[in-house]
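> First the structure, then my questions, so here it is.
The values are calculated or read from the model by the stated rules, or taken from the named source; none is laboratory data. Keep in mind it's a predicted model, so treat the numbers as computed, not measured. Cβ coordinates were reconstructed from backbone atoms using ideal geometry, including for glycine residues, and neighbour counts include every protein chain displayed. With ligands, DNA and RNA removed, areas are computed over all heavy atoms of the protein, side chains included. Shrake-Rupley method; radii C 1.70, N 1.55, O 1.52, S 1.80 Å.
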Amino acid sequence: MIRRFKGNSTTDQTNPVESQNDIVFWDGLEAKCMCSPIKMLRIFVFCLVGFCVFFTVSSVLKDSSSDGIWTLAYARLPDVKPLQKGDIIEQTTFRQPVEVPQDKLLGGLLPAALDEKSCLSRYQSVLYRKKNIHQPSSHLISRLRNYESQHKRCGPYTESYNRTLKYLNSNQYNSSTGCNYVVWLSFSGLGNRILSLASAFLYALLTNRVLLVDRGLDIPDLFCEPFPDVSWLLPSDFPLTDKFSSFNQKSPESYGNMLKNNVFANSVSSSLPAYVYLHLVHDYDEHDKLFFCDQDQTVLQQVPWLILKTDNYFIPSLFLIPSFEQELHNLFPEKGTVLHHLCWYLLNPTNSVWGLITRYYNAYLATADEKIGIQIRVFEGGPGPYQYVSDQILACVIKENLLPQINKNLPIINPPGKPKIKAVLITSLSSGYFEALRNMYWEHPTITGEIIELFQPSHEVYQQTEKQMHNRKAWAEMYLLSLMDKLVTSSWSTFGYVAQSLGGLRPWILYKVENQTAPDPPCQRAMSMEPCFHAPPFYDCKRKIGTDTGKIVPNVQHCEDMSWGLKLFDG
C-alpha cells in the first residue's frame, strides 16, 4: 500500500495490475477533499506522530515519582562504546539495563536517607550488576536500621560520645553513657583491610557497639560514609591516636596480656579498664585467641572502648560462639552471603574510585556477550611472569570451558555470521600473563569461532599500599572483577576474596603452586563466595583443649585453598 501513495507514473509502472476499485476510490477522495493522496498521507502521519507524543507525555506525567525521574535520567546516559546493533543487546548476558530497576535500595539493605550525589556508587551500582538472587533477610534490614539510629545517637561529637570520652581519658569505667564502641585500626593491605573492616562491623552489630573507623592514609578517599547524619570516621583528636602505631602483641593493654596479668580476675565494674586493645593479627597467641570464647565475650561486654587491630576475616569463628549463634542465623539464613551483604551495605566506592570503575567498564567491557575475570597473585618471589603460572592459568580456563581452545591448523578467517565476543579482564602486578594470553588469541583463531578480547587495567609490578592512586586502582579492579560473569582467583589472595564476595560469585580457585610446577588439576570451583579465615583458633572453649574448629558446626568448614583455614558454607 505504501507504494500507491507515490507519484502516479511510478505507481503505474510498478503496479500494472492495480485494481479499478482503488482508482475510483482515490479519484473520489480527491474530488471531495480537493487534495492529493500525498497530502492525505502527510496529514495522517502528522496526526499519528502527534498522538504518540501526547501519549508519551501523559505517561511520564502520570508517573512523576523519583524513581521515574531516575529511570529517565539514566536512560539518556551514553556508553563510551555505544551499541551499534540491536542483536548485540539481545546476546549480552550481563549489561547495563536501559531502565534502572525500581529496587535501587537492594531489597531494603541500603538506607534511603543518604545524599545520592555524595556517593554515586551506592545507588548506581545496580545498573552494572545482574539481578541479585541473594536477598537480605528482614532481620538484617531491621538490625541495620536500628544500628543507624544508634550510630546517630552515639557517633562522633554527640553528647553520648563526649561523655564516654571523659571516662576514657580518666581510664575509669562508667556504664551510664549507654554507648560502647569498637575502634577499627587501619592495618595491612587493602584486601585485608576490607575483610577486617567488615568483620569489625558485624562484631559491633552483634555486641551493640558503635563502629568507629581509623582514617589511616586513605579510608575517606576509598569508601563512602555508610551511615546517615553522623560520620563513621574516628575524630583526629581521639586521645589514643598516637598509640595506634605502637599497639602489638606485647602491648600491656592487649586482652591477652591482661588475662596473663589477671586484670579481669574480679570482674568488678569499678576495676575494669576504660579500654582494651584486641590483637587479632595473624601472629596472635593463645591468650589473644580467647577473644572467641563465650565467657571472654561476657567480660569484654563490660568494657566501653575496644581497640581492634586485625588483618583477618574472622567472621567464621564468630559463628562458633554460642551466644552469637541464633542472632547470626537470623541475620544470615544463607551463610554463604555474609560478606556479600556487608560489602554492599558498608563499602561503597567514593566518586573518584567510581569514576575509574565506570569509565573502564563502559569503554571496554559493557558490550561483550560474556565477561571472564582472572585474578592472578603470585606469592613466591617477584610478581613474575612465570611460565608455570601461565601454563596453570591456561589449563584451568580451558579445562573448565571458561575460554575456548585455539586452532593452530586452520587459517585465520572470519567465520560466517556474527561471532560471540568474550571479554577477559586480567588483574595482576605483572603484564606478562596478559600478554601471553593476548598474543595466543590474536595469532590463532578459536575452535568455536568466538572472539576473545583481553584487558588489563594496570600492572604496578609491586604492591604499593602507601600510595593513594595505587589503592584507588586496586579497589577499582576488585570492583571490576566483581562485575564479571565468571571469575578465576588465586589461592590465599584477599584481593580475590573481596571480588568474589562483592559479585556473589563462586570462583574457580587456582591451586597454590609448589616447586615451580603447574599443579594438576590446575584449579577447583569454590563451594561458596565467602572468604577464608587464614588464622583461626583451634580451641574448645568449654573443654579448654585443642580441637578442630572446622568440624564443630556444618556451616563452618576448612577452606579449599588453605587446609587449616575456616570458611562459611551453606549446608
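> Looking at segment 304-321 only, could you name the residues that are part of a helix (DSSP H, G or I) and of a type in the set (A, V, I, L, M, F, W, C)? Quick ask: steps written out before the conclusion?
Of all residues in segment 304-321, those part of a helix (DSSP H, G or I) come to 315-318.
If the condition is that a residue be part of a helix (DSSP H, G or I) and of a type in the set (A, V, I, L, M, F, W, C), then ILE315, LEU318 are the ones that fit.
> Out of all the residues in segment 401-415, is one or more among the charged types (D, E, K, R) and either modelled with pLDDT of 95 or more or touching a helix residue (DSSP H, G or I) at 6+ places or on another chain (Cβ under 6 Å) (or both)?
Narrowing segment 401-415 to residues among the charged types (D, E, K, R): 408.
Then keep just the ones that are either modelled with pLDDT of 95 or more or touching a helix residue (DSSP H, G or I) at 6+ places or on another chain (Cβ under 6 Å) (or both); that gives none.
Among the residues of segment 401-415, not one is among the charged types (D, E, K, R) and either modelled with pLDDT of 95 or more or touching a helix residue (DSSP H, G or I) at 6+ places or on another chain (Cβ under 6 Å) (or both), which makes the answer no.
> Looking at (1) hydrophobic (A, V, I, L, M, F, W, C); (2) outside any helix (DSSP H, G or I); (3) buried (at least 17 other Cβ atoms within 10 Å of the Cβ), which is the one condition that is false for LEU481?
Status for LEU481: all satisfied but (2).
> Okay, moving on. In contact (Cβ under 8 Å) with a residue 40 or more places away in the chain, polar (S, T, N, Q), open to solvent by less than 50 Å² (accessible area, probe 1.4 Å) and in a helix (DSSP H, G or I) - does that describe any residue in segment 438-456?
No, every residue in segment 438-456 fails to be in contact (Cβ under 8 Å) with a residue 40 or more places away in the chain, polar (S, T, N, Q), open to solvent by less than 50 Å² (accessible area, probe 1.4 Å) and in a helix (DSSP H, G or I).
> Look at segment 260-276 and say how many of its residues are loosely packed, with under 11 Cβ neighbours inside 10 Å and free of Cβ contacts under 8 Å to residues at least 12 places away in the same chain.
The number of residues fulfilling the criteria is 5.
> If I filter segment 277-299 down to residues being among the acidic types (Asp, Glu) and open to solvent by 50 Å² or more (accessible area, probe 1.4 Å), which single residue comes out as nearest to the chain's Cα centre (by Cα)?
Of segment 277-299, the ones among the acidic types (Asp, Glu) are 283, 285-286, 288, 294, 296.
Within this subset, residues satisfying the condition of being open to solvent by 50 Å² or more (accessible area, probe 1.4 Å) are 283, 286.
Numbers: ASP283: 28, GLU286: 34 Å.
Only one residue tops the list, namely ASP283.
> State the number of residues belonging to segment 370-409 that are over 30 Å from GLN468 (Cβ atoms), polar (S, T, N, Q) and open to solvent by less than 10 Å² (accessible area, probe 1.4 Å).
Residues that pass the stated criteria total 1.
> A further question follows. Suppose we filter ASN257, ASN248 for residues that are out of contact with any helix residue (DSSP H, G or I) (no Cβ under 8 Å at 6 or more places or on another chain), more than 23 Å from SER149 (Cβ to Cβ), among the polar types (S, T, N, Q) and open to solvent by less than 40 Å² (accessible area, probe 1.4 Å); which single one remains? Working first, answer last.
On the way: ASN248 fails: open to solvent by less than 40 Å² (accessible area, probe 1.4 Å).
None of the other options fit; the residue is ASN257.
> Return yes or no: is ASN312 over 17 Å from the mean Cα position of the chain (by Cα), closer than 19 Å to TRP184 by Cβ and polar (S, T, N, Q)?
Numbers: over 17 Å from the mean Cα position of the chain (by Cα): yes; closer than 19 Å to TRP184 by Cβ: yes; polar (S, T, N, Q): yes.
In short, yes.
> Turning to a different aspect of this structure: Any residue in segment 460-467 that is surrounded by fewer than 20 Cβ atoms within 10 Å (Cβ to Cβ), of a type in the set (Phe, Trp, Tyr), farther than 25 Å from GLY571 by Cβ and over 15 Å from the mean Cα position of the chain (by Cα)? Reasoning before the result, please.
Our first condition is that a residue be surrounded by fewer than 20 Cβ atoms within 10 Å (Cβ to Cβ); within segment 460-467, this holds for 460-467.
Subset that is of a type in the set (Phe, Trp, Tyr): 462.
Narrowing the set further to residues that are farther than 25 Å from GLY571 by Cβ leaves 462.
With the extra rule that they be over 15 Å from the mean Cα position of the chain (by Cα), the set shrinks to 462.
Among the residues of segment 460-467, at least one is surrounded by fewer than 20 Cβ atoms within 10 Å (Cβ to Cβ), of a type in the set (Phe, Trp, Tyr), farther than 25 Å from GLY571 by Cβ and over 15 Å from the mean Cα position of the chain (by Cα), which makes the answer yes.
> Kindly indicate the residue of segment 515-539 that is modelled with pLDDT of 95 or more and over 30 Å from the mean Cα position of the chain (by Cα) and also farthest from GLN295 (Cα to Cα) among those meeting that condition.
PHE538
> Report the residue count in segment 484-521 for those that are open to solvent by 30 Å² or more (accessible area, probe 1.4 Å) and assigned to a helix (DSSP H, G or I).
Going through segment 484-521 one residue at a time, the tally reaches 1.
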